[in-house]
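The values are calculated or read from the model by the stated rules, or taken from the named source; none is laboratory data. As the structure is a computational prediction, the values presented were derived from the model and not from experiment. Cβ placement follows ideal geometry from the backbone for every residue including glycine, while neighbour counts extend to all protein chains displayed.
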Amino acid sequence: MTGLNGSKRKANRADPLGGFGDGVVVGNEFAAIEISVDTSGHVPRAVLRDVASGQARCIDPLVLLALVYMSDDVMQSLADPNLIVSD
């Protein structure tokens, strides 16, 4: 598995960005994301993982709060399929 910085990652339960875990998968015809919570640090944080590629990102509560208050226009621009770059 490839980490956020391009490094190779070995699936490991102690590593929240490692293998798939106990999360909930939310998906539709365009995407499937596993959502779990990492409690190994000082503050719990969400772990979002692309089911297809295994790419994962930890997101702290402040970023999640920013998503809640983000305007619809900004949110729509983030989800625009024309802006998604695929390898």
Positions within segment 54-87 being surrounded by 10 or more Cβ atoms within 10 Å (Cβ to Cβ), in contact (Cβ under 8 Å) with a residue 24 or more places away in the chain and either under 16 Å from residue 30 (Cβ atoms) or over 15 Å from the mean Cα position of the chain (by Cα) (or both), in sequence order: 55
Long-range neighbours under 8 Å by Cβ, at least six apart or interchain, first residue polar (S, T, N, Q) within segment 16-35, second modelled with pLDDT of 75 or more: none
Any chance residue 37 is among the β-branched types (Val, Ile, Thr) and at pLDDT below 90: no
